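The values are calculated or read from the model by the stated rules, or taken from the named source; none is laboratory data. Computed from a predicted model, the values in this text were never measured in an experiment. Cβ placement follows ideal geometry from the backbone for every residue including glycine, while neighbour counts extend to all protein chains displayed. Note: areas computed on protein heavy atoms with side chains; ligands, DNA, RNA excluded. Shrake-Rupley method; radii C 1.70, N 1.55, O 1.52, S 1.80 Å.
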Amino acid sequence: MRKVDPVLEPAYGIYQEKVKSAARESARHNLELLWEILEEMRREKKIDYSIAKVGERLKAAGGPTTQHIRNKQGESYRDIIIAFADCVGGARRFVSKDSSPLEQLLVSIDDLGVRAQIRIHFDDARKLKVANDNLRSAFKNLQLGSSIPQPPQTGGAVLGNTDILPTAPPSTPLPSTPLPRLSPRFRRALETGITPSRLAERGMSVADDGSVLTAEGDILFPPAFILAIQEVLKW
């Protein structure tokens, strides 16, 4: 007795029934040829088990044409192909070579409702990735302290638009000057940007040294980055 992979047993049972009920020897031969082609496609890890694709290979091997399989007399062929595709998780419809992995997955799902739900989840994941990329770009462009004026070496230091402070000698500590306060808008942006839960949603985490890590553990922002922002928020 022919040994069959347990995964294929449901399809093999249908195949045996069709072979036994075939009226002519040529019909039995063609059904046996069909099964051999289906097993060959599985070994090649094919995902497209559409009538067009299977029929193309069956005709090339000397079997009936694709049109014959589509006709009324080709019902036995179609039943075997469908059962085999269901057993191996293959697609019953044509799958373009240029299709994305997602499309190749969706085409194998007959339930339109399930297919739509999967597509929605993947679309949400793509949107989250875009938001993640935007957040990373915003962090990279953030230059902490770039808006705080630095005292020049000579002359006077400008504070705001009109106040002039005398420049301290190099060996003398600079006088304590209140730093400009962050606007509520900037404060909210920084506080939101470094929230651990928000970073986690975008595949990032904060290390003990204050650096920001990617999901793969790579350093996205250097040590003390988060600590520096927290210090700014104290102003």
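Whether a residue is surrounded by 14 or more Cβ atoms within 10 Å (Cβ to Cβ), closer than 24 Å to Lys129 by Cβ and at pLDDT 80 or above was assessed, and Ile226 passes this test.
Candidates Tyr49, Tyr15: the one that is touching a strand residue (DSSP E or B) at 6+ places or on another chain (Cβ under 7 Å) and not basic (Lys, Arg) is Tyr49. Within the range 1-13, the set of residues being surrounded by fewer than 16 Cβ atoms within 10 Å (Cβ to Cβ) and in a helix (DSSP H, G or I) comprises Pro6, Val7, Glu9, Pro10, Gly13.
If we scan the range 27-48, do we find a residue that is out of contact with any helix residue (DSSP H, G or I) (no Cβ under 9 Å at 6 or more places or on another chain), over 17 Å from Asp5 (Cα atoms) and open to solvent by 80 Å² or more (accessible area, probe 1.4 Å)? The answer is yes, given that some residue of the range 27-48 is out of contact with any helix residue (DSSP H, G or I) (no Cβ under 9 Å at 6 or more places or on another chain), over 17 Å from Asp5 (Cα atoms) and open to solvent by 80 Å² or more (accessible area, probe 1.4 Å). Here the condition is being crowded, with 20+ Cβ neighbours inside 10 Å, modelled with pLDDT under 95 and part of a helix (DSSP H, G or I); of Gly63, Gly55, it holds for Gly55 alone.
Listed by first and then second residue, the pairs linking a residue in the range 1-25 that is within 9 Å of Cys87 (Cβ to Cβ) to a residue that is of a type in the set (Asp, Glu) and open to solvent by 70 Å² or more (accessible area, probe 1.4 Å), with Cβ atoms under 8 Å apart and 6 or more places separating them unless they lie on different chains, are Pro10/Asp86; Ala11/Asp86. Taking first residues from the range 118-136 that are surrounded by 11 or more Cβ atoms within 10 Å (Cβ to Cβ) and partners that are of a type in the set (Ser, Thr, Tyr) and modelled with pLDDT of 75 or more, the Cβ contacts under 9 Å between residues at least 6 apart in sequence or on separate chains come to Arg136/Thr214. A search for C-beta distances below 8 Å between a residue of the range 71-93 that is open to solvent by 70 Å² or more (accessible area, probe 1.4 Å) and any residue that is at pLDDT 80 or above and among the basic types (Lys, Arg), counting only pairs 6+ apart in sequence or on different chains, returns nothing.
If you go through the range 16-29 and keep only what is in contact with a Ser or Thr (Cβ under 9 Å, 6 or more places away or on another chain) and either of a type in the set (S, T, N, Q) or under 15 Å from Ala60 (Cα atoms) (or both), you end up with just Ser21.
Of all helices (runs of 4 or more DSSP H) completely enclosed by the range 184-235, which ones contain at least 2 residues that are among the basic types (Lys, Arg)?
Values: elements: 184-193, 196-201, 225-232.
Result: 184-193.
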